[in-house]
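Before anything else, here's the structure in question.
The values are calculated or read from the model by the stated rules, or taken from the named source; none is laboratory data. Since we're looking at a predicted model, the values are computed, not measured. Glycine gets a Cβ as well: all are built from the backbone with ideal geometry, and neighbour counts include every protein chain shown.
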Amino acid sequence: MNDNSPIPSRRLEPQLDPQPGADNPAIDPAKDSDEPTFEWMKTAPSAGPASGAVPDGGAQPARGVPPAGPAQPGTRADRKAAEAAAADSAAHAAPDSTPPAARPAMGAHFREPLPTSALQIRPPREDVERRNAEREQAANAKPVLPRVMQVLLAVFYPVVLLVLAVRAVTSPLFLWAEYHRPGFPGDGYGFNADDRMTYGSYAVDYLSNWSGPRYLGELVNRSGEKLFQDGEVSHMADVKLVILSAFGAGALVGLICIAVIIYLRRRSTGGVRRGLFAGSIVTLTVIIGLGALAVLGWERFFTEFHRIFFANGSWTFALEDTLIRLFPGQFWIDAGIVIAALVLLTALVTLILTWPTRRRRGLPKPAKKVKKDEAADSESRSGSPTGEDRLAPL
């Protein structure tokens with residue numbers, strides 16, 4: 001057997017260390033101590049030769065043995081406490097001229113204030129509440145110009161509707177419907193429906209064209225006499241001035257309304273709807289008020305209306321005059337009813353279309369409705385039968 005021969009598997013190697021027992025108490029497990037086993041692991045004494053001196057008369061330390069140094073505490077907490085004490089003493093011993101970056105780290109009981117420590121100081125509660133209120137007020141404040149545009153739209157909308165209704169009445173279609181409707185009073189001086197339609201069309205066309213008074217002043221009847229007297233022609237010229245002025249104002253107001261609508265669509269969400277909704281309410285209020293005055297006293301209402309636009313004495317005529325024969329009192333009553341009906345119907349439709357519902361205002365659904373919708377959706381997804389299905393006979 002040589003040195004390279006393998007050791008049998010069942011053969012125990014010889015124990016080189018002595019067996020523990022009474023003869024070797026140092027390695028007895030029952031009597032183990034905290035002392036290190038090897039000499040180089042033992043702590044060197046605190047008092048020794050100066051750094052760099054050779055101990056024991058120039059004898060060099062053995063290889064692998066660390067040089068002797070100051071005694072270290074046994075636990076980690078003791079070492080930390082010793083380091084903190086050493087740093088604290090070094091900080092107190094450092095001169096004031098030493099820059100902060102060059103000073104040793106100080107102990108845990110003292111810290112230099114940070115440059116941003118002043119930001120951690122909370123301002124007074126009154127200032128905080130005031131700033132929050134100002135911030136909320138600025139966030140909830142609405143621009144002034146869109147609100148002014150909404151007011152303009154609400155004010156101009158009734159004017160546009162009224163002008164359009166007047167234009168619908170001053171047309172040959174309304175004239176034909178009046179002369180041919182049942183119950184319209186006839187002419188006691190010889191005009192039939194065809195004569196009224198022919199002569200009346202001249203008067204209606206004169207109100208909307210750019211012709212002068214000669215357009216009516218030179219008309220003659222079948223007998224060759226002048227159809228309209230000078231007073232009638234003068235009054236029709238005044239009526240034409242009022243009508244054309246109303247049409248021009250209506251066109252201008254309509255253009256302004258279009259510009260306002262375009263602006264509100266770009267700058268204010270829901271501004272057009274709010275403006276038209278307010279305008280429809282104003283229109284209904286005005287029409288209902290004027291209609292009540294007309295119903296309570298038509299003659300007085302008709303007289304006061306003419307006094308506003310025409311001079312006294314320039315709009316009164318005899319029963320045999322052509323204007324009275326073509327346009328009797330019933331014609332003006334029907335014209336007023338048609339104007340009021342058109343404006344009222346348009347305002348009601350606008351009111352319904354612009355009514356501020358939750359969806360149009362962008363508000364969420366009520367909590368109960370949301371829960372019902374979620375329950376219905378869950379039932380439809382799960383396929384569970386409804387109440388009617390459960391109560392249905394088998």
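Mind telling me which of the residues ALA251, ALA237 ends up being under 29 Å from ALA154 (Cα atoms) and part of a helix (DSSP H, G or I)?
After applying the criteria, what remains is ALA251.
While we're on this one: Answer yes or no as to whether VAL286 is farther than 17 Å from GLY200 by Cα, hydrophobic (A, V, I, L, M, F, W, C) and touching a Ser or Thr at 6+ places or on another chain (Cβ under 9 Å).
no
For the range 304-336, what are the residues that are surrounded by 13 or more Cβ atoms within 10 Å (Cβ to Cβ) and free of Cβ contacts under 8 Å to residues at least 40 places away in the same chain?
PHE305, HIS306, THR316, ILE324, TRP332, ILE333
Which one of these is on the phi < 0 side of the Ramachandran plot, touching a residue at least 40 places away in the same chain (Cβ under 8 Å) and not hydrophobic (A, V, I, L, M, F, W, C): TYR206, TYR215, TYR202, TYR189?
Step by step, each of TYR206, TYR215, TYR202, TYR189 is checked, and only TYR189 is on the phi < 0 side of the Ramachandran plot, touching a residue at least 40 places away in the same chain (Cβ under 8 Å) and not hydrophobic (A, V, I, L, M, F, W, C).
What number of residues in the range 193-224 are at pLDDT 90 or above and not in a helix (DSSP H, G or I)?
Qualifying residue count, the range 193-224: 8.
Please name all residue pairs, on different chains or six or more residues apart, with Cβ atoms under 8 Å, provided the first residue is in the range 246-267 and is more than 15 Å from VAL148 (Cα to Cα) and the second residue is in a helix (DSSP H, G or I) and charged (D, E, K, R).
Here the result reads PHE247/ARG167; GLY250/ARG167, each pair linking the range 246-267 to a residue that is in a helix (DSSP H, G or I) and charged (D, E, K, R).
Of all residues in the range 337-350, which are surrounded by fewer than 18 Cβ atoms within 10 Å (Cβ to Cβ), over 37 Å from the mean Cα position of the chain (by Cα) and within 16 Å of PRO158 (Cα to Cα)?
Passing the criteria: VAL338, ALA340, ALA341.
Please work out if LEU162 is in contact with a Lys or Arg (Cβ under 9 Å, 6 or more places away or on another chain), within 19 Å of VAL338 (Cα to Cα) and not in a loop (DSSP other than H, G, I, E, B).
When the stated conditions are applied, LEU162 does not pass them.
With closer than 30 Å to VAL151 by Cβ, in contact (Cβ under 8 Å) with a residue 24 or more places away in the chain, surrounded by 13 or more Cβ atoms within 10 Å (Cβ to Cβ) and of a type outside the set (A, V, I, L, M, F, W, C) as the only criterion, which of ARG196, ARG167 stands out?
ARG167
Exactly one of these conditions fails for GLY190: (1) in a loop (DSSP other than H, G, I, E, B); (2) touching a His at 6+ places or on another chain (Cβ under 9 Å). Give me its number.
Of everything listed in (1) in a loop (DSSP other than H, G, I, E, B); (2) touching a His at 6+ places or on another chain (Cβ under 9 Å), GLY190 misses just condition (2).
Can LEU173 be described as farther than 30 Å from GLY270 by Cβ and either not hydroxyl-bearing (Ser, Thr, Tyr) or not in a helix (DSSP H, G or I) (or both)?
Yes; evaluated as a whole, the condition is true for this residue.
Would you please name the residue that is nearest to ALA165 (Cα to Cα), looking only at residues in the range 233-245 that are in contact (Cβ under 8 Å) with a residue 12 or more places away in the chain and small (Gly, Ala, Ser)?
The qualifying residue nearest to ALA165 (Cα to Cα) is ALA237.
For the range 270-295, name all the residues that are polar (S, T, N, Q) and touching a residue at least 60 places away in the same chain (Cβ under 8 Å).
SER280, THR283
Select the helices (runs of 4 or more DSSP H) contained entirely in the range 316-363, then report the ones holding at least 1 residues which are hydrophobic (A, V, I, L, M, F, W, C) and at pLDDT below 95.
Ranges flagged: 322-326, 329-353.
From the set of residues in the range 262-273 that are in a helix (DSSP H, G or I) and crowded, with 16+ Cβ neighbours inside 10 Å, which is modelled with the lowest pLDDT?
In this case the residue turns out to be GLY271.
Among the numbered criteria (1) farther than 25 Å from LEU342 by Cβ; (2) among the acidic types (Asp, Glu); (3) out of contact with any strand residue (DSSP E or B) (no Cβ under 9 Å at 6 or more places or on another chain), which single criterion is violated by GLU178?
Just one mismatch for GLU178, condition (1).
So which residues in the range 298-333 are farther than 18 Å from GLN229 by Cβ and among the small types (Gly, Ala, Ser), if there are any at all?
GLY329
Would you check if PRO356 is loosely packed, with under 13 Cβ neighbours inside 10 Å and touching a residue at least 12 places away in the same chain (Cβ under 8 Å)?
So PRO356 fits the description; yes.
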